[in-house]
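Read the figures in this text as sums done on the coordinates, not as results from a lab. The structure displayed is predicted, hence computed values, not measured ones. With ideal geometry, Cβ positions are generated from the backbone for all residues, glycine too; neighbour counts draw on all protein chains shown.
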Amino acid sequence: MSKRAAIKIAGIPDDLNLTPAIFQQVFARSYPIMESYQSDLAHDLRWFQENPEAGFIHITTKSGTHLYPMPVDFGANKVVPYLFGRSTPREIAHGHLGVLQMFDRRQRRLDGQALEGELFQMCEPSRIDPRFRQVRQVTGARAVCSFREAYDAACKRLDCGTRNAEGY
């Protein structure tokens, strides 16, 4: 898809003003980087519409996006369907942390500079009017640190101070 062509992605309105402001910020930084799987942005848009107050880490690469909700509350931490199996919300968040750490390690091998065509964006959870929330560009290390803090706080709320051998 040519970057100069009109933006036509199934599931995304032609007029981006009809989408949440937070998505507009992510889209403006992400779309120019992407060479394939632009349809990931339609999935991201749906998530932003369903979770207007949620914090997140968003990673854009040349071949798509990765969206990781910030853990806030694991509820009863009951097993739920996930991908091709079942898992608890805490285990899912722990897996997300592992992926973020992998992206960070890859970035650190490049002296802290993101790979060309790789972008980390973050937004903290907030109850303020979603129109005024700001997405920040961050390093992989900052993304991991923020996600880890949110994960640890959610674990504490669940009273899971004793983690198993796998770390969750």
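Considered as a group, the residues in the stretch 64-74 that are surrounded by 13 or more Cβ atoms within 10 Å (Cβ to Cβ), out of contact with any Gly (no Cβ under 8 Å at 6 or more places or on another chain) and not aliphatic (A, V, I, L, M) include one that is farthest from Pro13 (Cα to Cα), and that residue is Phe74. Taking the criterion of being small (Gly, Ala, Ser) and surrounded by 18 or more Cβ atoms within 10 Å (Cβ to Cβ), the only residue of the stretch 75-103 that qualifies is Ala93. Of all residues in the stretch 118-141, those being in a loop (DSSP other than H, G, I, E, B) and crowded, with 17+ Cβ neighbours inside 10 Å number 3. Of the strands (runs of 3 or more DSSP E) lying entirely inside the stretch 26-108, those containing at least 1 residues that are of a type in the set (A, V, I, L, M) span 56-61, 64-69, 80-82. Checking each residue in the stretch 51-91 for being hydrophobic (A, V, I, L, M, F, W, C) and closer than 21 Å to Arg148 by Cβ picks out Ala54, Phe56, Ile57, Ile59, Leu67, Met70, Val72, Phe74. Among the residues of the stretch 10-25, those identified as more than 19 Å from Tyr68 (Cα to Cα) and either of a type in the set (D, E, K, R) or assigned to a loop (DSSP other than H, G, I, E, B) (or both) are Ala10, Gly11, Ile12, Pro13, Asp14, Asp15, Thr19.
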